[in-house]
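Please treat every number below as a calculation from the coordinates, not as lab data. Keep in mind that this is a model prediction, so the values were computed, not measured. Cβ coordinates were reconstructed from backbone atoms using ideal geometry, including for glycine residues, and neighbour counts include every protein chain displayed.
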Amino acid sequence: MTYTTTVDTTTVGEATSHFMQTLQQIEKTGEIEQLVELFSTDAELTNLAMLEPLEGKEGARQFWQKYLSVFDRIHSEFTHVVEANDSSVLEWVSKGALSTSEEITYRGVSILEFNHGKVQHFRTYYDSAAFLPQGAKHG
């Protein structure tokens, strides 16, 4: 299946909405290519666990494959969205089960910077303590 995007006329709001819908779709299907296509060829992606960003479409592919591999199932709900200039800040809560079958709920923030409707920079910050083994968590 081929996915096309109108690059030059996409607003930040449209690009943000498309990103959120596509992320929720890949969480259901596990098919990441439609999300990878939203990233520019020179995109940079990073999260708290990474020392160096992943780059380009291949980096986006690796990032989202790794993301999905941690879970048996996951669903993200976006609780707050702020858009300005060519950037969006997404607050979210994700619920599901880890690959160990342990239930998980965690929250975080993702920052997207767009260039001509494509994601140029993706940074995400989240509650990493939620991923500790159950006995190691402090309540």
Charge context of Leu45, other residues only, Cβ under 15 angstrom, K/R +1, D/E -1: -2
The chain, helix-only ellipticity at 222 nm - DSSP H runs n ≥ 4, -39,500 (n - 2.57), divided by all residues, nearest 500: -8000 deg cm²/dmol
Stretchable slack from Ser99 to Leu51, in nm (0.36 nm times residue separation minus alpha-carbon distance): 14.9 nm
Taking the chain and dividing mean pair separation by its residue count, relative contact order in percent (alpha carbons under 8 Å, at least six apart): 24 percent
Degrees separating the helix 12-29 axis from the principal Cα axis of the chain, which is the longest one: 50 degrees
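Listed highest first by mean packing, meaning other Cβ atoms within 10 Å per residue, what order do 76-89, 32-45, 56-69 come in?
32-45, 56-69, 76-89
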Tilt relative to the chain, helix 56-69 - C-alpha long axis, 0 to 90 degrees, to 10: 30 degrees
The chain: antiparallel DSSP beta bridges as a percent of all, rounded to 5: 85 percent
Read-out percent of Cα pairs over 25 Å apart, derived from the coordinates shown; its label in (1) 20; (2) 44; (3) 24: (3)
